[in-house]
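The values are calculated or read from the model by the stated rules, or taken from the named source; none is laboratory data. What you see is a predicted model; the values in this text were computed from it and never measured. Methodologically, a virtual Cβ is constructed for each residue, glycine included, from the backbone with ideal geometry; neighbour enumeration extends over all protein chains shown.
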Amino acid sequence: MKRSKIAGIGSYLPERIVTNEELTKVMDTTDEWIQERTGIQTRRYGVKHKETTSSMGAKAARVACERAGISPNDIDFIIFATLSPDYYFPGCGVLMQRELGITGKEAGALDIRNQCSGFVYGLSIADQFVKTGMYKNVLVVGSEMHSMGLDFSTRGRNVTVIFGDGAGAVVVQPTDDPDQGILTTKLHSDGTYAEKLSFVNPGAHGGYHQERIGDTTDLGYPPADTYGEIFITQKMKDEGMLYPNMEGQFVFKLAIQKFPEVIQEALKEAGLQTTDINMLIPHQANLRISQMVQRLLGLRDDQVWNNIQRYGNTTAASVPIALCEAWEAGKIQKGDLVCLAAFGSGFTWGSALIRW
Ligand code: COA
């Protein structure tokens, strides 16, 4: 079986820089609180109604294709990871396909709804497709336009201050070089605590899961034999229930357990150790999480790339944006061992080891 490699990488960050200070004008928060708890100083927001998750993905994808030396029309398969899709359906994969002008060859497109681990999951799927010879040019994109769906009142401050917009993309191709490519990927999930980091409304659940987990919140659904208002009820609109919610401390504790576990699992399978890692690209969830993971693994500062200070948490886009930035900065060289790791809502988590 062939190996697969990352042949090209690109990212796109919208121009508008939003400081913590700017957020203090619309909600009760402070620059000090945000920096102390998350490390975030600024984030980017896309231009509303002019940019979308798929259009930003397309911009990152064009750069990745160019660096891989191919045209978007050479892409056989698209994998698009996001939690902030343009439409409920169809997915962003086909919207980006249209935006990129990929026509005539009917390339396949798959959307991944795996939140923060979406890109690592997508890379793993691309790896399987390329290794088995099914596809030669797989485009994996992570993109988010969070700013369209956040609660900018004080009620939503614990979530809103963390997230930012952006996109990252890679082209995955086969390689004959035995010393290069994706060595292994590890993927995991556990749905037990699905709602602890979630965006449940609007949805077609009708309160089903809430009843099972003992959540007595009245979502305002009409009687069961009434149709209509199944996705969005008036109560949800009136009481601001149409936003993400997060039990921050719960997420934090699980993240610092699962990140090191899944990194060690990949290293063990590849017969390698933490000292072999040249660059760890952790999902940029929170700088404090990354610092804790670094400490737990005994890594030096130069072995870990963090950019959440400037971009916030861009969910599915954070790993490819950070990977692209580290590579552009010359911190990833041919032959280096690069480790990608992510953890997020679901909960889902995963890692990938790449010999660059
Ligand atoms: N500004 C000011 N105060 C805020 C605030 C904000 N943006 N957000 C929350 N607070 C307040 C809370 O209301 C609470 O006030 P209270 O004590 O009067 O009730 C207080 O700060 C502490 O809240 P808590 O949620 O316990 O804070 P925390 O220390 O856990 O930090 C997070 C909150 C979200 C920064 C932290 O839990 C975290 O980073 N968790 C992981 C989140 C994450 O990584 N998510 C993405 C996963 S992929």
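Considering only residues that are in a loop (DSSP other than H, G, I, E, B) and hydrophobic (A, V, I, L, M, F, W, C), look in segment 1-41 and name the one that is nearest to Leu183 (Cα to Cα).
Met1
Given the criteria within 23 Å of Glu328 (Cβ to Cβ), within 16 Å of the ligand (Cβ to nearest atom), under 20 Å from the mean Cα position of the chain (by Cα) and not assigned by TED's automatic domain parsing to the domain that holds Gln333, does Ala61 qualify?
no
Among the residues of segment 10-58, write down those that are aromatic (Phe, Trp, Tyr) and within 16 Å of the ligand (Cβ to nearest atom).
Answer for segment 10-58, where residues must be aromatic (Phe, Trp, Tyr) and within 16 Å of the ligand (Cβ to nearest atom): just Trp33.
State which residue pairs qualify: first residue over 13 Å from Lys131 (Cα atoms) and inside segment 178-192, second residue assigned to a strand (DSSP E or B) and of a type in the set (Gly, Ala, Ser) in any location, beta carbons under 6 Å apart, and separation of 6 or more residues or different chains.
Lys186/Gly350; Lys186/Ser351; Leu187/Gly350
Taking only pairs six or more apart or across chains, which ones have beta-carbon atoms under 6 Å, a first residue in segment 200-216 that is free of Cβ contacts under 8 Å to residues at least 40 places away in the same chain, and a second residue that is among the aromatic types (Phe, Trp, Tyr) and in a loop (DSSP other than H, G, I, E, B)?
Gly206/Tyr221; Gly207/Tyr221
When the residues of segment 151-167 are filtered to those that are within 15 Å of the chain's Cα centre (by Cα) and within 11 Å of the ligand (Cβ to nearest atom), which remaining residue is nearest to Glu32 (Cα to Cα)?
Ile162
Can you find even one residue in segment 233-256 that is modelled with pLDDT of 95 or more and out of contact with any helix residue (DSSP H, G or I) (no Cβ under 9 Å at 6 or more places or on another chain)?
yes
The rows are residues; the columns are (1) outside any loop (DSSP other than H, G, I, E, B); (2) within 14 Å of the ligand (Cβ to nearest atom); (3) at positive phi; (4) in the same structural domain as Leu287 (by TED's automatic domain parsing).
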residue: Asp86; (1), (2), (3), (4): no, no, no, no
residue: Pro90; (1), (2), (3), (4): no, no, no, no
residue: Gly104; (1), (2), (3), (4): no, no, yes, no
residue: Cys116; (1), (2), (3), (4): yes, yes, no, no
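Does segment 22-42 hold any residues that are surrounded by fewer than 13 Cβ atoms within 10 Å (Cβ to Cβ), farther than 19 Å from Ser290 by Cβ and among the acidic types (Asp, Glu), and which are they?
Hits for segment 22-42 are Asp28, Glu32.
Restricting segment 134-161 to residues that are of a type in the set (S, T, N, Q) and assigned to a loop (DSSP other than H, G, I, E, B), which is farthest from Asp111 (Cα to Cα)?
Ser153
Any residue at all in segment 305-319 that's hydrophobic (A, V, I, L, M, F, W, C), at pLDDT 95 or above, in a strand (DSSP E or B) and touching a Lys or Arg at 6+ places or on another chain (Cβ under 8 Å)?
No: segment 305-319 contains no residue that is hydrophobic (A, V, I, L, M, F, W, C), at pLDDT 95 or above, in a strand (DSSP E or B) and touching a Lys or Arg at 6+ places or on another chain (Cβ under 8 Å).
Is at least one residue of segment 333-345 away from the ligand (no atom under 16 Å from the Cβ), free of Cβ contacts under 8 Å to residues at least 40 places away in the same chain, of a type in the set (Asp, Glu) and within 25 Å of Ala68 (Cβ to Cβ)?
No, segment 333-345 has no match at all.
Looking only at segment 257-272, which residues are over 21 Å from the mean Cα position of the chain (by Cα) and either buried (at least 17 other Cβ atoms within 10 Å of the Cβ) or outside any helix (DSSP H, G or I) (or both)?
Within segment 257-272, Leu267, Gly271, Leu272 meet the criteria.
Could we say that Ala194 is within 16 Å of the ligand (Cβ to nearest atom) and not in a strand (DSSP E or B) here?
Yes.
For residues that are more than 16 Å from the ligand (Cβ to nearest atom) and of a type in the set (A, V, I, L, M, F, W, C), scanning just segment 223-256, find the one that is surrounded by the fewest Cβ atoms within 10 Å (Cβ to Cβ).
Looking at the filtered set, the residue picked out is Ala224.
Sort through Gly220, Gly206 and tell me the only one that's in contact with an Asp or Glu (Cβ under 9 Å, 6 or more places away or on another chain), away from the ligand (no atom under 16 Å from the Cβ), farther than 20 Å from Asn114 by Cβ and in a loop (DSSP other than H, G, I, E, B).
Going through Gly220, Gly206 in turn, just one is in contact with an Asp or Glu (Cβ under 9 Å, 6 or more places away or on another chain), away from the ligand (no atom under 16 Å from the Cβ), farther than 20 Å from Asn114 by Cβ and in a loop (DSSP other than H, G, I, E, B): Gly220.
Could you tell me whether segment 264-287 includes any residue that is among the basic types (Lys, Arg) and touching a residue at least 12 places away in the same chain (Cβ under 8 Å)?
The answer is no; no qualifying residue exists.
Can you pull out the residues in segment 162-185 that are assigned to a loop (DSSP other than H, G, I, E, B) and buried (at least 24 other Cβ atoms within 10 Å of the Cβ)?
Ile162, Gly164, Asp165
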